[in-house]
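Single-structure report; data block below.
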C-alpha cells in the first residue's frame, strides 16, 4: 500500500518545536512538507547550543523536528516575500503555523485571508494559550504553559518545592500529536465536503488534557492529599536504590492482586501474613515500616537481579534508565521506534520515529533535515516564477538560496 499522505502538500510557516514536529509526522506518512524560514533561519537550528541542553556539534533538536522536509527562505518583511508565500499556500493542501495573531494579521496569513485563495486548504494553527481570551496573543513555550499553567508541574514538585529540569520539548511533542490529529480529521472531512477547515490546538489545552484527572478532581470538589517527603510517605510507591546504585520503582495499581506476588518476588512472602501489611489499610498505616524493610531488601542485590525477579512475578516496575540505555533500548528497537537516515554532513544517524503506525502501511524513509534555504530556487520554479524573477528575488534578499 502506498504511503497514506502521498500527494499531500504541507506548507509550514512556523518555528521551534510544536508545529514543526507535527509536520514531521505528516512527512513520515508521505506528505511533501515545505518549511518556510526567515533569512536567519528557525531558531531551533541553534537550540542545541543552549548550555542547559546536552552538548553536541550536531544540531540534534533541528534534525529531530525537521527531517524529510524542504526548506525555503523568504523575507516576510517584504511585500514580495508575502506574495510568494501566498502563491505557495494556494498550491497547498495544509498550511501549518504558530505565528501569533498580530503577525498573522500583518502578513495576511489568517484563515480568512488564505481560505479565499484555496477553498480546499486545511489551515492548522497551534498557540500557547488558545484562540480567545486576554492571553491569546502572548508567547508560549512548553515549560511555562504545557507544564506550569496546566498544573502538571505542580503535581511533580517535591514537598520542598524542587524539581529537576524538564526534558526539552516534552510538552511540545505530545501537543504536536493533537495538531497532527486535527489536520488528519480536517483532511478526512475535506474528502466528504470538498472544502478545507480551520483547526488548531494549544499548549494550554494539551497540558490540561494531560492533567485532566487532577483538574477534573478539583472541578468535582475533591480533597487533594498533602505532598509528603519520603520520610512521611503513606504508600510504598516511592523510589528504591539497588545495591549497584540504580533507582527502582514499581506500580502496584491493583494491590489486592499484586501484593502477594510482589512479596514473593522480593523474597519476603511472610509480609503477606504480617498483620501490619496484610491489607491495604494497615499497609498505609505502617507504610514507613514497610518502606524500611523494602529499602533493605532492594539494597541487598543489583538491579539485574530485581529485574529478573519482578519480571518473573509479572510485577509492573521500572529501573530508571540512563539516556545511553534509552537510546539502546531493545524494546524500542524491536518496535521500530528508532530509524536510520543518511545525513550529507554527519553520515548515518538514527532518529526517533513518530509514535503512530498503521498496519500494512509503510512510512516514508526518514531524510535529513534541510539546510537553510536549500530548496528555495526549485520551489519557486515549481510555482511558475521565471529564472529572471527568481534571480531578482535572490538579489534583493526577498528569497535566499544557500
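Observations
- From the options 210, 217, residue that is within 19 Å of residue 154 (Cα to Cα) and either surrounded by 15 or more Cβ atoms within 10 Å (Cβ to Cβ) or assigned by TED's automatic domain parsing to the domain that holds residue 130 (or both): 210
- Conditions (1) surrounded by fewer than 16 Cβ atoms within 10 Å (Cβ to Cβ); (2) closer than 28 Å to residue 352 by Cβ; (3) at pLDDT 95 or above: number failed by residue 305: (2)
- Answer from 53, 26, 5 - the residue that is at pLDDT 95 or above and assigned to a loop (DSSP other than H, G, I, E, B): 5
- Residue in region 234-244 that is surrounded by the fewest Cβ atoms within 10 Å (Cβ to Cβ), counting only those that are part of a loop (DSSP other than H, G, I, E, B) and under 30 Å from the mean Cα position of the chain (by Cα): 239
- Residue 161 at positive phi, exposed (fewer than 11 other Cβ atoms within 10 Å of the Cβ), assigned by TED's automatic domain parsing to the domain that holds residue 136 and outside any helix (DSSP H, G or I): yes
- Some residue of region 180-194 being modelled with pLDDT of 95 or more, in contact with a helix residue (DSSP H, G or I) (Cβ under 6 Å, 6 or more places away or on another chain), buried (at least 20 other Cβ atoms within 10 Å of the Cβ) and in the same structural domain as residue 122 (by TED's automatic domain parsing): yes
- One residue from 389, 374 being under 30 Å from the mean Cα position of the chain (by Cα), modelled with pLDDT of 95 or more, more than 27 Å from residue 175 (Cβ to Cβ) and surrounded by 13 or more Cβ atoms within 10 Å (Cβ to Cβ): 374
- Residue count for region 108-136, restricted to those that are on the phi > 0 side of the Ramachandran plot and either crowded, with 23+ Cβ neighbours inside 10 Å or in contact with a helix residue (DSSP H, G or I) (Cβ under 9 Å, 6 or more places away or on another chain) (or both): 2.
- Check on residue 372, in the same structural domain as residue 16 (by TED's automatic domain parsing) and touching a helix residue (DSSP H, G or I) at 6+ places or on another chain (Cβ under 6 Å): no
- Annotation note: of 10, 17, the sole residue that is touching a strand residue (DSSP E or B) at 6+ places or on another chain (Cβ under 6 Å) and either assigned by TED's automatic domain parsing to the domain that holds residue 184 or surrounded by fewer than 24 Cβ atoms within 10 Å (Cβ to Cβ) (or both) is 10.
- Here the condition is being farther than 30 Å from residue 355 by Cα and in contact (Cβ under 8 Å) with a residue 12 or more places away in the chain; of 269, 282, 255, it holds for 255 alone.
- Evaluation of residue 224 against (1) closer than 27 Å to residue 160 by Cα; (2) surrounded by 11 or more Cβ atoms within 10 Å (Cβ to Cβ); (3) without any contact (Cβ under 8 Å) to a residue 40 or more places away in the chain (one fails), failing number: (2)
- Test result for residue 256, farther than 30 Å from residue 138 by Cβ and either out of contact with any helix residue (DSSP H, G or I) (no Cβ under 7 Å at 6 or more places or on another chain) or at pLDDT below 95 (or both): yes
- Of all the numbered requirements in (1) outside the structural domain of residue 250 (by TED's automatic domain parsing); (2) loosely packed, with under 13 Cβ neighbours inside 10 Å, residue 356 misses one, and that requirement is (2).
- Count - residues of region 147-170 that are within 19 Å of residue 52 (Cα to Cα) and in contact (Cβ under 8 Å) with a residue 40 or more places away in the chain: 4
- Positions within region 82-107 being assigned to a helix (DSSP H, G or I) and either crowded, with 17+ Cβ neighbours inside 10 Å or modelled with pLDDT under 95 (or both), in sequence order: 82, 84, 85, 88, 89, 104
The values are calculated or read from the model by the stated rules, or taken from the named source; none is laboratory data. Values in this document were obtained by computation on a predicted structure and should not be read as measured data. Note that each Cβ is placed from the backbone with ideal geometry, even for glycine, and that neighbours are counted across all protein chains shown.
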